[in-house]
Amino acid sequence: MAAGNMASVGGATPVLRMEDVFAALRAGWADFRAYPLFGLFFAGVYVVAGILIAQSLLARGGISWLITAAAGFPLIAPFVAVGLYEVSRRREQGLPMRWPDIIGAVRGRGDDQLMLMGAFLFVLFGFWVVLARGVIAIFLADADMAGLVADPRGFLLSSQGMMMLLVGSAFGGLMALLVFSITVFSLPMLVDRPVDVITAIVTSVGAVRANPGTTLTWAAMIAILLFAGMLPFFLGLLVVLPVLAHATWHLYRRAIGSGQG
């Protein structure tokens with residue numbers, strides 16, 4: 001990795017290029033292939049949780065809640081990926097791969113900073129669900145919910161449905177951009193270094209602002225791949241989520257970290 005692509009906290013502004021993104025994806029795929037069980041475990045927890053939530057909402061007839069929960073579910077994926085950041089870190093440094101150490105990575109370095117970030121993400125997820133449910137309620141105030149369930153395509157293609165999608169997508173895009181900016185490099189940093197949440201968030205947002213084209217392209221790639229992975233009833237996430245998590249670690253190394261990418 002070129003020295004120009006590295007930056008310590010408070011150091012030179014990192015420079016990321018698309019070649020770094022593709023190199024990170026290759027490294028992420030290599031990590032997954034080397035230790036697939038860890039990836040399948042963490043992705044499996046995420047997938048099972050998604051399926052259980054979907055089944056619970058469908059059983060209660062909560063189609064609108066299901067739509068909002070499914071749309072916001074990727075917001076908590078970065079925290080699920082913490083254990084996989086630890087896998088990549090240990091592989092990079094030649095450390096032993098022990099399940100207690102990998103699973104215990106979610107506790108951070110014993111200072112509760114990672115758990116604090118996780119709680120923050122779940123609060124944001126809850127806020128998104130309530131906000132998105134409010135948008136649906138506004139546009140369905142004069143519509144029959146049963147009609148939406150019976151003919152979702154017909155409703156979504158109507159002027160009312162398209163306006164709902166437009167407003168919901170705008171709010172969702174802003175929320176996703178916020179979560180991406182504050183987590184894309186902060187969570188790997190909290191795994192890697194003894195820093196506080198505020199320092200990690202400020203560093204992450206600063207790196208995104210310094211590399212808007214590359215990081216926003218990476219964000220779009222993550223969104224597309226996560227959405228594609230969710231289509232076959234979340235099962236595609238068993239591969240997509242761990243590869244993206246490992247790749248994010250390597251992109252963090254190229255942007256901020258001091259190890260090899």
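Remark: pairs (first residue in segment 104-118, under 12 Å from L187 (Cα atoms) and surrounded by fewer than 20 Cβ atoms within 10 Å (Cβ to Cβ); second residue modelled with pLDDT under 85 and basic (K, R); Cβ separation under 7 Å; 6+ apart in sequence or on different chains) = M115/R107. Just so you know, in segment 122-170 the residues that are aliphatic (A, V, I, L, M) and not in a helix (DSSP H, G or I) include one that is modelled with the lowest pLDDT, and it is A143. Mind listing just one residue for me: the one in segment 216-246 that is outside any helix (DSSP H, G or I) and touching a residue at least 24 places away in the same chain (Cβ under 8 Å) and, of those, nearest to the chain's Cα centre (by Cα)? Among those that are outside any helix (DSSP H, G or I) and touching a residue at least 24 places away in the same chain (Cβ under 8 Å), it is F234.
Listed here are the residues, each with its yes/no results for (1) at pLDDT below 75; (2) loosely packed, with under 15 Cβ neighbours inside 10 Å; (3) more than 20 Å from the chain's Cα centre (by Cα); (4) hydroxyl-bearing (S, T, Y).
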| site | (1), (2), (3), (4) |
| --- | --- |
| V15 | no, no, yes, no |
| E19 | no, yes, yes, no |
| A27 | no, no, no, no |
| L40 | no, no, no, no |
| V48 | no, yes, no, no |
| I53 | yes, no, no, no |
| L58 | yes, yes, yes, no |
| A69 | yes, no, no, no |
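Of the residues in segment 185-202, at least one is in contact with a helix residue (DSSP H, G or I) (Cβ under 7 Å, 6 or more places away or on another chain), outside any helix (DSSP H, G or I) and crowded, with 22+ Cβ neighbours inside 10 Å.
The values are calculated or read from the model by the stated rules, or taken from the named source; none is laboratory data. Given the structure is predicted, the values throughout are model-derived calculations rather than measurements. Virtual Cβ from ideal backbone geometry, glycine too; neighbours counted across all protein chains shown.
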